[in-house]
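One structure is given below, encoded as structure tokens.
Values in this text are rule-based calculations from the coordinates and carry no lab data. Since we're looking at a predicted model, the values are computed, not measured. Here the Cβ positions follow ideal geometry from the backbone for every residue, glycine too, while neighbour counts run over all protein chains shown.
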């Protein structure tokens, strides 16, 4: 039962007020056919819209089955229209891009009915109005009468209590009008039908009740209904909703998709226009991805060539550079010309250099690295963390003449760079080595004056093992090719490492016995004399190199125990060395291959010379730990096993006694040499009178005429009568026994917990920075003696490059931001145009109970679909454009390593971004669509 109680409605336009309804009251039965007649402007359409919930009354109440609508909000009216009202319009108001089945289904969809049920009910409704065979047709394929039948089916499909018909025959011919009126009359048998019409003949013929309006007031009612006689006449109306109305996302998408299909050309152009911004961004991302991949590969290769290296003894080059810059600035001070000023810059530079030398506690740092929980592992690269150990050994072989040569200076008994001339060191490359470890150790030796006793030959290097335990790292095998033979697989196998020109230093060839030692000595003599040097650069066959056998003698085996229980170093005795080479103490090394860098190698971690595996390092460590001399020294930590003397005596008397004992143990030649050395030092120290200098010269002349035996006897007599101060001076200069740890180091003892250096490999500069931060965090918590100092060579080199890359990135981001703004504005305009075109559809949806949010979602769905098409189109076009772009890049960059490509992840992000942007761009138009007055929207053409 429908009660219209004292309803009034006004329309205001500026100062003009139009009274559409004036205190209208009308009660309608549940089942009757009511026709409302009246001239234009009488208020009949307004009354129909108020009954249908399309328009709001100003005062009064609309009561449906005892439910008051006075407190209804928008969502309540939406539910009311969806569940209670069915509309039939003069212009049919079908959605043209939907099939008639979909048009009828729409009301059910808004009600939340399942797909299968609404299909069944829609088919039944269409069959009832005689259109069961036309369900798949579009509205434009039907006649006017058929379209009105579809409208009636749509009005009835949700089984509403009230059917409202606004001039249902106004656009039909007479015969069709009769058919529609017959259908409405049939509908009115079990529900209320309210029809507004200008045709009084049809109204009187079909309607069961005629209400006439004029000037917003009811003038007549052919069959008035008195609610006082009804059962609920005295019950008070209550506020109550009439169910739920909600349109699903799938329905919103279907409505929008079908609308877009009817405008394929414009949809494509719109999507293409929207994709232009996406294409621009995608092209930037493609080129950026290609360049970044190239940069990443360079970073990996660079960081492989320049890992973060932490040595046991090092200096901070960064601090030195800063100090040098400050010193340079301070030298700008100007002096006046009144006096002579001292330039102390060289002394300060030397002081800065030497004071910057620090020792790193790598044992403590290794414990930190070995913890799986250490944050540093998150940024370590594929090559992992490599530990280097200072194993000590000598290598000997025979040249083609049968001469025994040493890999450390050719001459057996030489001890590396300390016994070589500057010219020979430069010729061998030890002063100008490109190998980081060799160069660093050489500089450190020059700064401190210390030499590494029994150090391994400078031409021998350990090959980097793989992080997963394999013998050789993938970094090495990827950048080096085997030109003959194979890679080493065991501890006794080594390879010759050539440079990219298939060569290695000529001095290394002599040291390996691949060229005669006699030629080497002639060459060095000429070099030291400043004469022209003839070098033998004749090529060496691979077969000769692979047949050359090398003998490695661990440092601990180069000591022989005497009858007195003391150990003596024999590494400088050619005969003793020859015996060791022929003994079972020698480790026979086989050269199994020759390798060199690839032509396009990006990292060359191997220096020219001989490469051996970590297996040999482990074997040497274990062998040394088990050696007899090490066992003897560890058994007595207070006395030197080489001479039996105590380490670091605490008083001068003990030093004097040890000096006497030491001199007594020397041979004749050694005593005579010590006597000459002391005499030379004494002469150099003498200054003052000509008489003193003359006496020194006479003593030197007398010693030159004496035999070794005479000098030794005289030296024994001198020592026997020397005072304590003289003996202490001799001890400090010639006898000092060093320390227990010095001895173990000289014997080659290495602890795996105390590496000589640590190389941390990373894959990018960003990871390097994170590791630098992790080390800084470690230093912040470590004790002062355990803090780590190292030089970030790559950071020093790449700081300016990083700045340039950041600037370029910011420029690209600004460009992208502009593109995004333009795309958003354009999509907003396109959506606004679509809203204007689909205004009537908005009214239809609202009439069927769609909420403002539902309407907004329909247009959001449309913008989302356009955004999806724009994104997919933009990505597809970009992929196609990348082919000619790559051709251009290859031509101008003269490399095929830079390839523009759009990563799938980025493509997906761009598509999603396109959808989001179109949704954002369409928010304002879609909200505007939702706010449109449904009654006004229905009248839009």
Points 7 angstrom from Cα along the Cβ direction at residue 779 and residue 891: gap in nanometres?
-> 5.1 nm
Point-to-point label distance, residue 31-residue 634, nm (Cα→Cβ direction, 7 Å offset) | 11.1 nm
Can you run the Rg to Rh ratio on the range 1-80? Use alpha carbon positions and the Kirkwood inverse-distance Rh.
-> 0.97
Taking a ≥ b ≥ c as the square roots of the eigenvalues of the Cα gyration tensor of the range 65-199, is the shape rounded (a/c under 1.5), prolate (a/b larger than b/c) or oblate?
-> oblate
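Assign one of three labels to the range 470-566, namely rounded, prolate or oblate, based on the Cα gyration tensor with a ≥ b ≥ c the square roots of its eigenvalues; rounded applies when a/c is under 1.5, prolate when it is not and a/b is larger than b/c, and oblate otherwise.
Judged from the Cα gyration tensor, the range 470-566 comes out oblate (a/c at least 1.5, b/c at or above a/b).
For the range 819-925, what mean projected area does the convex hull of the alpha carbons give, in nm²?
Dividing the Cα hull surface by four gives the mean projection, 8.1 nm².
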Overall form of the range 84-157 per C-alpha gyration tensor (a/c, 1.5; a/b vs b/c) = prolate
Convex hull volume of the range 578-675 per residue (C-alpha atoms, cubic angstrom) | 239 Å³
Kirkwood radius from Cα pairs of the range 2-246 plugged into Stokes-Einstein at 10 °C, 1.306 mPa s, gives D in µm²/s equal to 85 µm²/s
Sort the following peptides by mean Cβ neighbour count (other Cβ atoms within 10 Å, averaged over residues), highest first: 561-572, 746-757.
-> 746-757, 561-572
Computed on Cα atoms, the radius of gyration and Dmax of the range 495-645 in angstrom are 19.7, 60
Within the range 2-246, percent of DSSP bridges classed antiparallel, to nearest 5 | 50 percent
Applying 1/(1 + (r/R0)^6) with R0 = 25 Å to the Cβ-Cβ distance of residue 539 and residue 470, what FRET efficiency is obtained, to the nearest 0.05?
-> 0.15
